[in-house]
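For reference, the structure is listed below as structure tokens.
Computed from the coordinates by the stated procedures, all read-outs in this text should not be read as laboratory data. Because the structure is predicted, anything quoted here is derived from the model rather than measured. Heads up, the Cβs are rebuilt from the backbone with ideal geometry, glycines too, and the neighbour counts pull from every protein chain shown.
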Amino acid sequence: MAGNPIFGHRIRELREAKKRDDPRFSLRKFAEAVGISATFLSKIETGEFAPPAPDRIKKMAELLGVDADELLALANKVDPDLSDIIKEQPKAMADFLRTARDMNLSEAELRKLTERLRKRKD
């Protein structure tokens with residue numbers, strides 16, 4: 001299996017930081033909480049194995065207190081929820097995303113747009 005050292009290093013870095021204050025973040029206990037084997041987690045962290053499935057990455061993010069989308073991006077994966085959202089209105093959503101990309105919107109601009117949409121929803 002082709003690994004992903006960047007993803008693995010980040011997971012190890014985050015887990016080790018948490019482990020300093022909380023023994024639940026030992027390799028074995030963290031792997032168990034995520035629902036994978038300690039051996040698999042070890043090989044992910046060393047970059048030998050590819051990241052796990054998106055649902056496991058989301059669980060890692062939840063436990064580590066970090067943004068799941070950032071970990072998914074490091075793993076070169078997309079949250080299945082986003083695929084479902086796109087499938088609801090494939091043409092319109094694809095057009096929206098491509099237009100936003102083509103406009104080279106900054107993160108700040110995207111966040112402002114998101115906030116405007118949220119306010120409209122309320």
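Some points to look at:
- Residue in the stretch 31-39 that is among the acidic types (Asp, Glu), part of a helix (DSSP H, G or I), without any contact (Cβ under 8 Å) to a residue 12 or more places away in the chain and more than 29 Å from Glu107 (Cβ to Cβ) present: yes
- Here is the figure for the stretch 38-55: residues that are under 11 Å from the mean Cα position of the chain (by Cα) and surrounded by fewer than 17 Cβ atoms within 10 Å (Cβ to Cβ) total 2.
- Selection from the stretch 40-50 of residues that are among the hydrophobic types (A, V, I, L, M, F, W, C) and part of a helix (DSSP H, G or I): Phe40, Leu41, Ile44
- From the list Phe7, Phe25, the one residue that fits, being of a type in the set (Phe, Trp, Tyr), within 30 Å of Leu97 (Cα to Cα) and crowded, with 18+ Cβ neighbours inside 10 Å, is Phe7.
- So Ile57, is it β-branched (Val, Ile, Thr) and over 20 Å from Leu41 (Cα atoms): no
- Scan of the stretch 67-87 for residues that are farther than 10 Å from Ile11 by Cβ and surrounded by 13 or more Cβ atoms within 10 Å (Cβ to Cβ), ordered by number: Ala68, Asp69, Leu72, Ala73, Lys77, Val78, Asp79, Pro80, Leu82, Ile86
- The residues of the stretch 51-67 that are within 18 Å of Ala31 (Cβ to Cβ) and either in a loop (DSSP other than H, G, I, E, B) or among the small types (Gly, Ala, Ser) (or both), listed by number, are Pro51, Pro52, Ala53, Ala61, Gly65, Val66.
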